[in-house]
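Derivation of every value follows stated rules applied to the coordinates shown; laboratory data play no part. Keep in mind that this is a model prediction, so the values were computed, not measured. Neighbour counts run over all protein chains shown; Cβ positions are idealised from the backbone, glycine included.
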Amino acid sequence: MALGLDRIRGVTIWLRGIVAFLLGASWPCAPLLWGDHKEGLPKAVGSKAGEGGETKGAAMESSRENSQDWKKVLSSEVYRVTREKGTEPPFSGKYCHHYAPGYYVCVCCGAPLLFSETKFDSGTGWPSFYAALRPEAIRTQPDYSHGMVREEILCARCHAHLGHRFPDGPPPTGLRYCVNSLALRFCHATSPSVSKGVRPDRVERAVFAAGCFWGVEAAFRKTPGVAATCVGYTGGNVPNPTYRLVCTGTTGHAEAVEVLYDPGVVSYGMLLKVFEKIHDPTSYHRQGPDWGSQYRSAIFYDTPEQREEAERWKKEAQKRYSASIVTEILPAGPFYEAEEYHQRYHEKHGLMGCGQ
Ligand SMILES: [Zn+2]
């Protein structure tokens, strides 16, 4: 009986999603009318906008939102969804039927938002989750557009529009976070032995550049306490670059690795030790056989605390080298995911070196 009701509900959600999209409305995951009648309006609407409150990096996050010209750094379709509250067509997003183990971060600012274990198939055509990674990662606010009352969900750090939240999800929360794929980037989980003890609700982000990202990612994916990684390009001034373009040396981007880690298992300081161990921080624009600014040594910090630790590491590490450390320490900016064939390259090919 329960299964029968679930199927009816799934079909209803699916039909409403299709009808909504055909009507041209900007409403991913339309609310269930029968659910509204049965339960009343969603409990949080109008009462808990901005739930979760401020985080420790709030000042930085706020300035990040104000100072960035998102239009210059995002693709037009990502800009429309995340900054203009747009909606991708149902079943069009790359994470609609994506169930690999890992974490989803904000495509704009990299904040960890969602965990694959809470993802489920809602049948709506949009990625659906029954919980946020932690309550304060995703803020909510009432949305009265299109003659409906809904709960909009946003990245708490940069206020990117993600989608909506509805009270018709599965247990244990009964919630459905209905999210546009275009608002997310996926970081693939490390092995169970590496992520042993990791608590998803504690996961934070760090970004390092230390030469060819194949080897850098491989090293962090072996570091206990690292939950997930993604390789990409950052630090430059060309939006959405390809590997080929980065290799020309004209984009200013470095090959970098986004590392999601649990500071309760491995500290940022420990990650800095790994960072130092895997490359030569005194080598300017070169690591081994790889030459060029894309192979430069850099730390892109996410919080003032990370910046402090990185500065402290550089000062201490300098005592171990006769040559000057050339590692750049910069605020994390837009991070562009590298092509799929670069992701987890060593795991896929069993290589030890870069061999590009
Ligand atoms: Zn964000």
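Full extension of the chain between E305 and R286 gives 4.0 nm of extra length, using 0.36 nm per residue less the Cα-Cα distance. Fewest-first ordering of H349, H253, H279, H98 by other beta carbons within 10 Å of each residue's beta carbon gives H349, H98, H279, H253.
Among R312, R139, the order by Cβ neighbours within 10 angstrom, fewest to most, reads R312, R139.
What the phi angles of the range 164-175 give under the Karplus curve with 6.51, -1.76 and 1.60, with θ = phi - 60°, is a coupling list of 9, 10, 10, x, 10, x, x, x, x, 9, x, 10 Hz, glycine and proline written as x.
When the Cα centres of the range 123-189 and the range 235-281 are compared, how far apart do they sit, in Å? The range 123-189 and the range 235-281 have Cα centres separated by 28 Å. Each Cα pair under 8 Å and six or more residues apart adds its sequence gap; the mean of these over the residue count of the range 202-252 is a relative contact order of 24 percent.
Place a label point 7 angstrom from the Cα of K319 along the Cα-to-Cβ direction, then list the residues of the range 259-301 whose backbone nitrogen is under 16 Å away. Label zone hits: 273. Less than 5 angstrom separates the built amide H of V107 from those of L184, R185, all sequence-distant by 5 or more or on a different chain. Only aspartates and glutamates eight or more places from K196 in sequence, or on another chain, were considered; those with a Cα closer than 17 Å are E117, E204, D262.
Taking a Cβ cut-off of under 11 Å around E347, the surrounding Lys, Arg, Asp and Glu residues balance to a net charge of +3, with basic ones at +1 and acidic ones at -1.
Residues whose amide H lies under 5 Å from that of G333, counting only those 5 or more places away or on a different chain, are G235; hydrogens are built 1.01 Å from N in the peptide plane. Fully extending the segment from H349 to E136 would add 72.8 nm, taking 0.36 nm per residue of separation and subtracting the current Cα-Cα distance. Were the residues from C247 through K72 laid out at 0.36 nm apart, the gain over their Cα-Cα distance would be 60.9 nm. When T229, T248 are sorted by how many other C-beta atoms sit within 10 angstrom of their C-beta, beginning with the fewest, the order is T248, T229. Once you sort the root eigenvalues of the Cα gyration tensor of the range 102-147 as a ≥ b ≥ c, which label holds: rounded (a/c under 1.5), prolate (a/b larger than b/c) or oblate (the other case)? Taking the square roots of the gyration eigenvalues as a ≥ b ≥ c, the range 102-147 is oblate. Loop-only GluC sites (Glu not before Pro) in the range 87-190, please: DSSP not H, G, I, E or B, and at most 16 other Cβ atoms within 10 Å. When the GluC sites (Glu not before Pro) of the range 87-190 are filtered for loop state and at most 16 Cβ neighbours within 10 Å, nothing remains. Relative contact order of the range 61-183: 27 percent, from C-alpha pairs under 8 Å at least 6 residues apart in sequence.
Taking each of K85/K348; K222/K319; K222/K315; K273/K348 in turn, the alpha-carbon distance tops 31 angstrom for K85/K348. Using the Karplus relation 6.51 cos²θ - 1.76 cosθ + 1.60 with θ = phi - 60°, the per-residue 3J(HN,Hα) values for the range 207-212 come to 10, 10, 10, 8, x, 3 Hz, with x marking Gly and Pro.
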